[in-house]
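Structure first, then comments.
The values are calculated or read from the model by the stated rules, or taken from the named source; none is laboratory data. On a predicted model such as this, the values are computed, not experimentally measured, just so you know. Cβ placement follows ideal geometry from the backbone for every residue including glycine, while neighbour counts extend to all protein chains displayed. Surface accessibility is based on the protein's heavy atoms, side chains included, excluding ligands, DNA and RNA. Shrake-Rupley method; radii C 1.70, N 1.55, O 1.52, S 1.80 Å.
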Amino acid sequence: MKTIAVLTSGGDAPGMNAAIRAVVRTGCENGVRVLGIRRGYHGLMNGDMFEMNLRSVSDIIHRGGTMLYSARSKEFCTEAGMQKAIDVCKENGIEGIVVIGGDGSFRGARDLSVRGVNCVGIPGTIDNDIGCCDYTIGYDTALNTIMDMVDRIRDTTESHDRCTVVEVMGRRAGYLALNAGIAIGATSILIPELEFSVDKDIIERMRRTQKTGKQHFIIVVAEGVSDQLKERGLNDVGALAKYIEHNLGVESRATVLGHVQRGGSPSVKDRVVASQMGNYAAHLLLNGVGNRVVAMQKEAIVDYDIVEALNMKKSIDLDLYKIAMEISI
Ligand code: ATP
């Protein structure tokens, strides 16, 4: 293997830079040329790349975002787009690519691998929603950001005896909402994996809590429950807050944390796991192994066939949910 490349794709996540750094340095230290591809598969199709060296990745381990930028590309999913990417790989002598991203990015990596460009995926997404991995890069930082933001919201919520409904990211998964909800002592937590009743799971819990003397409440809602809310006539978290105010007489507000959850300096855990995964992925390519996804299982770094990885499912920790419901009253 003489030349490998690295790209970031899909939503960015804190720790992607640490993974890029590990890939580049592992490659350079083992005598291969490493190319950095800008803006994911879009950049790959258009040959937007540059040669990296040990110093290209200085001063990035502590930065959020991705120095290689990220993008989503519909064209890449077409046969013509895929062929364009393969041609660019041939022209530039790229024999293997480390793809840092989520499930969608791994599908692209699978398709390239099938066509002869060895790819290794690294899970980079704040949602922690990749079936083969206990942990994805960016998750810990995002959790800490949510905790920090909601701690601030709690101060003002408490001062005014209010209820604040906080929407956190997680379109398909409730890991962020559940774990952040526990960490900040949310009275109720709504996640897409579980059916809920607004009256039973929010209003009744708040009423019980009120009777014990508590007058302020935080409700954490994953963005992935928006469809379930709509089915109940509640268009968004603002409508949910109004519903709570109307039914309980507690002044209620809604806060959508939004993209603040994606940014910021990566936590120790994200820097370390990203470094481990980046190093592992580069070694797989150096050994001529492709079509793999690097994953963390029970604290160990392992790898899976991409197709197998894409078919794996993981479930939310219901015991954790039960604990949250028992102690956040
Ligand atoms: P996130 O978890 O942040 O959404 P992701 O990697 O799942 O990350 P996607 O937008 O789904 O993000 O995918 C990133 C890119 O991967 C897409 O823009 C597209 O170029 C490529 N991709 C997605 N799905 C496929 C597919 N089925 N086949 C080939 N390429 C794909």
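To keep it simple, each residue is scored yes or no on (1) assigned by TED's automatic domain parsing to the domain that holds Val272; (2) under 18 Å from the mean Cα position of the chain (by Cα); (3) more than 16 Å from the ligand (Cβ to nearest atom).
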| position | (1), (2), (3) |
| --- | --- |
| Phe106 | yes, yes, no |
| Asp111 | yes, no, no |
| Cys163 | no, no, yes |
| Ile184 | no, no, yes |
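Among the numbered criteria (1) within 21 Å of Gly116 (Cβ to Cβ); (2) within 10 Å of the ligand (Cβ to nearest atom); (3) surrounded by 24 or more Cβ atoms within 10 Å (Cβ to Cβ), which single criterion is violated by Thr8?
Unmet condition: (1).
Looking at segment 191-216, which of its residues are of a type in the set (Val, Ile, Thr) and loosely packed, with under 13 Cβ neighbours inside 10 Å? Full working, then the answer.
The initial filter retains those residues of segment 191-216 that are of a type in the set (Val, Ile, Thr), namely 191, 198, 202-203, 209, 212.
Matches in segment 191-216: Thr212 only.
Could we say that Ile153 is open to solvent by 10 Å² or more (accessible area, probe 1.4 Å), among the hydrophobic types (A, V, I, L, M, F, W, C) and in a helix (DSSP H, G or I) here? Please lay out each step first, then the result.
Working: open to solvent by 10 Å² or more (accessible area, probe 1.4 Å): yes; among the hydrophobic types (A, V, I, L, M, F, W, C): yes; in a helix (DSSP H, G or I): yes.
For Ile153, the condition - open to solvent by 10 Å² or more (accessible area, probe 1.4 Å), among the hydrophobic types (A, V, I, L, M, F, W, C) and in a helix (DSSP H, G or I) - is met.
Checking the conditions here, which among Arg63, Arg72 is within 16 Å of the ligand (Cβ to nearest atom) and farther than 19 Å from Ala282 by Cβ?
Values: Arg63 fails: within 16 Å of the ligand (Cβ to nearest atom).
After ruling out the rest, the residue left standing is Arg72.
Out of curiosity, is Arg21 within 13 Å of the ligand (Cβ to nearest atom), under 27 Å from Asp127 (Cα atoms) and open to solvent by 30 Å² or more (accessible area, probe 1.4 Å)? Working first, answer last.
Numbers: within 13 Å of the ligand (Cβ to nearest atom): no; under 27 Å from Asp127 (Cα atoms): yes; open to solvent by 30 Å² or more (accessible area, probe 1.4 Å): yes.
No, not satisfied.
Six or more apart or on different chains, Cβ under 7 Å: which pairs go from a residue in segment 182-208 that's of a type in the set (S, T, N, Q) to one that's in a helix (DSSP H, G or I)? Could you list them?
Correct list of pairs: Thr187/Arg205; Thr187/Met206; Thr187/Thr209; Ser188/Asp201; Ser188/Ile202; Ser188/Arg205.
Only one of Val88, Val168 is buried (at least 19 other Cβ atoms within 10 Å of the Cβ), free of Cβ contacts under 8 Å to residues at least 60 places away in the same chain and either out of contact with any Phe, Trp or Tyr (no Cβ under 9 Å at 6 or more places or on another chain) or on the phi > 0 side of the Ramachandran plot (or both). Can you tell me which? Can you show your working first?
Numbers: Val168 fails: free of Cβ contacts under 8 Å to residues at least 60 places away in the same chain.
Residue meeting the stated conditions: Val88.
Would you check if Arg253 is under 25 Å from Glu193 (Cα atoms) and buried (at least 18 other Cβ atoms within 10 Å of the Cβ)? Break it down stepwise before answering.
Numbers: under 25 Å from Glu193 (Cα atoms): yes; buried (at least 18 other Cβ atoms within 10 Å of the Cβ): yes.
Yes; evaluated as a whole, the condition is true for this residue.
When you scan segment 279-287, do you find a residue that is out of contact with any Lys or Arg (no Cβ under 6 Å at 6 or more places or on another chain), open to solvent by 50 Å² or more (accessible area, probe 1.4 Å) and farther than 27 Å from Ala18 by Cβ, even just one? Can you show your working first?
Of the residues in segment 279-287, the ones out of contact with any Lys or Arg (no Cβ under 6 Å at 6 or more places or on another chain) are 279-283, 285-287.
Next, from what is left, pick out any that are open to solvent by 50 Å² or more (accessible area, probe 1.4 Å): 279-280, 283, 287.
Narrowing further to those that are farther than 27 Å from Ala18 by Cβ: none.
No; the residues of segment 279-287 include none that is out of contact with any Lys or Arg (no Cβ under 6 Å at 6 or more places or on another chain), open to solvent by 50 Å² or more (accessible area, probe 1.4 Å) and farther than 27 Å from Ala18 by Cβ.
Can you tell me how many residues within segment 217-237 are open to solvent by less than 30 Å² (accessible area, probe 1.4 Å) and either among the small types (Gly, Ala, Ser) or in contact with a helix residue (DSSP H, G or I) (Cβ under 9 Å, 6 or more places away or on another chain) (or both)? First the steps, then the outcome.
Taking segment 217-237 and keeping what is open to solvent by less than 30 Å² (accessible area, probe 1.4 Å), we get 217-222, 224-225, 228-229, 234, 237.
Restricting the remaining residues to those that are either among the small types (Gly, Ala, Ser) or in contact with a helix residue (DSSP H, G or I) (Cβ under 9 Å, 6 or more places away or on another chain) (or both) gives 217-222, 224-225, 229, 234, 237.
Count: 11.
Tell me which strands (runs of 3 or more DSSP E) are completely within segment 247-329 and hold 2 or more residues being without any contact (Cβ under 8 Å) to a residue 24 or more places away in the chain, or say none if there are none.
Fully inside segment 247-329 and qualifying: 300-305.
How many residues does segment 127-150 contain that are outside any loop (DSSP other than H, G, I, E, B) and open to solvent by less than 50 Å² (accessible area, probe 1.4 Å)?
Here is the first cut: in segment 127-150, the ones outside any loop (DSSP other than H, G, I, E, B) are 137, 139-150.
After this cut, where a residue has to be open to solvent by less than 50 Å² (accessible area, probe 1.4 Å) as well, the list is 137, 139-143, 145-146, 150.
Here the count works out to 9.
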